[in-house]
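Novice: One structure coming up, written as structure tokens, with questions to follow.
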Amino acid sequence: MRTAWLLLVVAVCAFSITSSLKICAFNVQSFGESKFSNKKVMGILLKILSRCDLSLIQEVRDSKGEVIRALVKDLNRFDKSNSYSYMESERLGKKTYKEQYVYIYRTNMLNVKEHYQYPKLEGEGANETDVFSREPFIIRFHSPTTLVKDFVLIGQHTCPKNAMKEMDELYTVFKGIHKKWKTENVMILGDLNAGCSYVTIKGWRSVRLRSDPKFRWLIGDEQDTTVREKTHCAYDRIIVHGREIISSIVPGSAQPFNFKESFHLTEAEALQVSDHFPVEVELKSNHRYLLRHEL
């Protein structure tokens, strides 16, 4: 009996270390055919993505629609212990410049319940009045292995010159999703350009995501999500809402991932991958589920 108890304790401790769910957001900076064809860059990118159970990739620029399919195929070859799939947004942008949001996720850990492309304003003059340059792409996941079972991600890449208005408008997006899907557990993430010259102290007061205490900003203003040593800006953010998901955050897990240092790259080598570091956070595992399915 004592041996069985000790084995159970050891198993729980092991799961607490290894079985949290890692969520990442990464602006891969103009990711298209040219970057995909660079084998060294792709090798680094696969290492970065394989660290994450769920990744929001931003600034995908692939008019043919082939690069992400090939990337996920390579990721499945690179990490054979998991199975990866993806959901991609429309090609978004007001004029000829277009980007996509892509969620890459482990199908052995997550199930997609619903997804939703936030609509553009239609009609005469809509381009002038629409706040977003690239409307958010929203996805709802079921996660059986974590304490929080159901949560929504709102992915957003703001336009730098309009960053504060777009961040404020994400509050409206949240309210709409809360009404549409009846869920409190929401994570807003991506390159919000929420730092340095794109934000002001006075302007922050009008951003409802900041003034409403129900939203928890996990990446602080003092953190640096940029690769260049001469910059120190918290452009990329993770913001959570909902008692259940907030209590499920692994303490201290929300941070930028400095792949330059981790993979011993020069600044020039790192900048070939992106000028941003990914930001990440972990959700606590449900030990009862894991013990029931693994022991």
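The values are calculated or read from the model by the stated rules, or taken from the named source; none is laboratory data. This is a predicted model, so every value here is computed, not measured. In this analysis, Cβ positions are derived from the backbone assuming ideal geometry, glycine residues included, and neighbour counts consider all displayed protein chains.
Novice: Could you please find all residues in the range 205-223 being surrounded by fewer than 19 Cβ atoms within 10 Å (Cβ to Cβ), within 21 Å of the chain's Cα centre (by Cα), farther than 14 Å from residue 193 by Cβ and not basic (Lys, Arg)?
Specialist: Of the residues in the range 205-223, the ones surrounded by fewer than 19 Cβ atoms within 10 Å (Cβ to Cβ) are 205-206, 208, 211-214, 216-217, 220-222.
So of that shortlist, the ones also within 21 Å of the chain's Cα centre (by Cα) come out as 208, 214, 216-217, 220-222.
Subset that is farther than 14 Å from residue 193 by Cβ: 208, 214, 216-217, 220, 222.
Of everything in the range 205-223, those that are surrounded by fewer than 19 Cβ atoms within 10 Å (Cβ to Cβ), within 21 Å of the chain's Cα centre (by Cα), farther than 14 Å from residue 193 by Cβ and not basic (Lys, Arg) turn out to be 217, 220, 222.
Novice: Ok, one more. For the range 256-270, indicate whether the set of residues that are part of a strand (DSSP E or B) and either β-branched (Val, Ile, Thr) or farther than 25 Å from residue 60 by Cα (or both) is non-empty.
Specialist: Taking every residue of the range 256-270 in turn, none turns out to be part of a strand (DSSP E or B) and either β-branched (Val, Ile, Thr) or farther than 25 Å from residue 60 by Cα (or both).
Novice: Can you pull out the residues in the range 206-236 that are outside any loop (DSSP other than H, G, I, E, B), without any contact (Cβ under 8 Å) to a residue 60 or more places away in the chain and either under 24 Å from residue 171 (Cβ atoms) or in contact with a Leu (Cβ under 8 Å, 6 or more places away or on another chain) (or both)?
Specialist: Hits for the range 206-236 are 208, 209, 210, 211, 215, 216, 217.
Novice: If you don't mind, another one. Which of the residues belonging to the range 159-204 are loosely packed, with under 14 Cβ neighbours inside 10 Å, over 23 Å from residue 226 (Cα atoms), out of contact with any strand residue (DSSP E or B) (no Cβ under 8 Å at 6 or more places or on another chain) and charged (D, E, K, R)?
Specialist: Passing the criteria: 175, 179, 182, 202.
Novice: Between a residue in the range 57-85 that is closer than 30 Å to residue 158 by Cα and hydroxyl-bearing (Ser, Thr, Tyr) and any residue that is modelled with pLDDT of 95 or more and in a helix (DSSP H, G or I), which pairs come within a Cβ distance under 7 Å, given they are 6 or more apart or on different chains?
Specialist: 84/72; 84/75; 84/76; 85/72
Novice: Being modelled with pLDDT of 95 or more and either out of contact with any strand residue (DSSP E or B) (no Cβ under 7 Å at 6 or more places or on another chain) or of a type in the set (Lys, Arg) (or both) is true for just one of 290, 271, 283, 295. Which residue is that?
Specialist: Residue meeting the stated conditions: 271.
Novice: When you go through (1) touching a Phe, Trp or Tyr at 6+ places or on another chain (Cβ under 7 Å); (2) of a type outside the set (Asp, Glu); (3) within 23 Å of residue 245 (Cβ to Cβ); (4) exposed (fewer than 14 other Cβ atoms within 10 Å of the Cβ) one by one for residue 101, which number turns out not to apply?
Specialist: Of (1) touching a Phe, Trp or Tyr at 6+ places or on another chain (Cβ under 7 Å); (2) of a type outside the set (Asp, Glu); (3) within 23 Å of residue 245 (Cβ to Cβ); (4) exposed (fewer than 14 other Cβ atoms within 10 Å of the Cβ), only one is false for residue 101: (4).
Novice: Taking residue 133 and the conditions (1) touching a Cys at 6+ places or on another chain (Cβ under 6 Å); (2) exposed (fewer than 15 other Cβ atoms within 10 Å of the Cβ), which numbered condition does it fall short on, given that it satisfies the others?
Specialist: So residue 133 meets the others, but not (2).
Novice: Just for helices (runs of 4 or more DSSP H) wholly inside the range 26-119: which have at least 3 residues that are within 18 Å of the chain's Cα centre (by Cα)?
Specialist: Counting at least 3 such residues, we get 39-49, 67-78.
Novice: Could I ask something else about it? What's the number of the only condition in (1) touching a residue at least 24 places away in the same chain (Cβ under 8 Å); (2) closer than 25 Å to residue 170 by Cβ; (3) out of contact with any helix residue (DSSP H, G or I) (no Cβ under 9 Å at 6 or more places or on another chain) that residue 102 fails to meet?
Specialist: (3)
Novice: Being of a type in the set (S, T, N, Q) and surrounded by fewer than 19 Cβ atoms within 10 Å (Cβ to Cβ) is the filter here; which residues of the range 224-233 pass it?
Specialist: Here is the first cut: in the range 224-233, the residues of a type in the set (S, T, N, Q) are 225-226, 231.
Answer for the range 224-233, where residues must be of a type in the set (S, T, N, Q) and surrounded by fewer than 19 Cβ atoms within 10 Å (Cβ to Cβ): just 231.
Novice: Still on this structure, I have one more. How many residues are assigned to a helix (DSSP H, G or I) and touching a helix residue (DSSP H, G or I) at 6+ places or on another chain (Cβ under 6 Å) when one looks only at the range 149-166?
Specialist: Residues that pass the stated criteria total 3.
Novice: Which of the residues belonging to the range 138-149 are more than 24 Å from residue 60 (Cβ to Cβ) and either surrounded by fewer than 16 Cβ atoms within 10 Å (Cβ to Cβ) or in contact with an Asp or Glu (Cβ under 7 Å, 6 or more places away or on another chain) (or both)?
Specialist: 142, 144, 148, 149
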